[in-house]
Amino acid sequence: MAQMSEELIEQWADATAEIYNESLTGINLSRLPDAVAQYVDLFSQSEDLTFNADATPTDYFDNHPFLAVTAVLKNPEAMEVLDSDAQDALDAMADFTEAWYKFDLENEPELGISEADVDDVDEDW
């Protein structure tokens, strides 16, 4: 099975930024229908691909698509600006984006002391 390309992942991040108006202050209702349409297109390109351990949407924007999908689905005002097809599409991609989010969390590098840091330690301290 083919893997998601970094370009495709960046497009997901761009659509997520569109939902949030390129900030973390909240959902931009005026941009939401177009951003969800982008999500629908990206989902159709992605649903049969495997996730990429070397790239995540948060490399390009602070919020993961799963967080955006969940925020929209839980926001009555956001749901009102979407037609029923867009609502159904978001609901259909919720499991996919959740699995992707969990995959990305599991593949985050652990923070700590690297071997390079250990080699640089002066033992006379």
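Here's a check for you: in the stretch 72-94, which residue that is assigned to a loop (DSSP other than H, G, I, E, B) and open to solvent by less than 90 Å² (accessible area, probe 1.4 Å) is farthest from PHE43 (Cα to Cα)?
Among those that are assigned to a loop (DSSP other than H, G, I, E, B) and open to solvent by less than 90 Å² (accessible area, probe 1.4 Å), it is ASN75.
Restricting the first residue to the stretch 31-48 and requiring it to be more than 14 Å from LEU90 (Cβ to Cβ), which pairs with a second residue that is open to solvent by 60 Å² or more (accessible area, probe 1.4 Å) meet a Cβ separation below 7 Å and a spacing of at least six or different chains?
Going by the 7 Å Cβ cut-off, the qualifying pairs are ARG31/ASN21.
Taking ALA53 as the residue in question, decide whether it is modelled with pLDDT under 95, within 21 Å of GLU6 (Cα to Cα) and open to solvent by less than 50 Å² (accessible area, probe 1.4 Å).
When the stated conditions are applied, ALA53 does not pass them.
All but one of (1) open to solvent by less than 70 Å² (accessible area, probe 1.4 Å); (2) at pLDDT 90 or above; (3) over 19 Å from ALA13 (Cα atoms) hold for TYR101; state the number of the condition that does not hold.
That leaves (3) as the condition not met.
For SER46, all conditions in the list (1) open to solvent by less than 40 Å² (accessible area, probe 1.4 Å); (2) among the hydroxyl-bearing types (Ser, Thr, Tyr); (3) farther than 21 Å from ASN107 by Cα hold save one; what is the number of the exception?
With (1) open to solvent by less than 40 Å² (accessible area, probe 1.4 Å); (2) among the hydroxyl-bearing types (Ser, Thr, Tyr); (3) farther than 21 Å from ASN107 by Cα applied to SER46, the lone miss is (3).
I'd like to know if the stretch 107-121 contains one or more residues that are modelled with pLDDT under 95, open to solvent by less than 90 Å² (accessible area, probe 1.4 Å), more than 29 Å from ALA13 (Cα to Cα) and charged (D, E, K, R).
yes
In the stretch 15-42, what count of residues is obtained for those that are in a helix (DSSP H, G or I), surrounded by fewer than 19 Cβ atoms within 10 Å (Cβ to Cβ) and either modelled with pLDDT under 95 or on the phi > 0 side of the Ramachandran plot (or both)?
So the answer is 2.
The values are calculated or read from the model by the stated rules, or taken from the named source; none is laboratory data. As the structure is a computational prediction, the values presented were derived from the model and not from experiment. All Cβ positions, glycine included, derive from the backbone under ideal geometry; neighbour counts span all protein chains shown. With ligands, DNA and RNA removed, areas are computed over all heavy atoms of the protein, side chains included. Shrake-Rupley method; radii C 1.70, N 1.55, O 1.52, S 1.80 Å.
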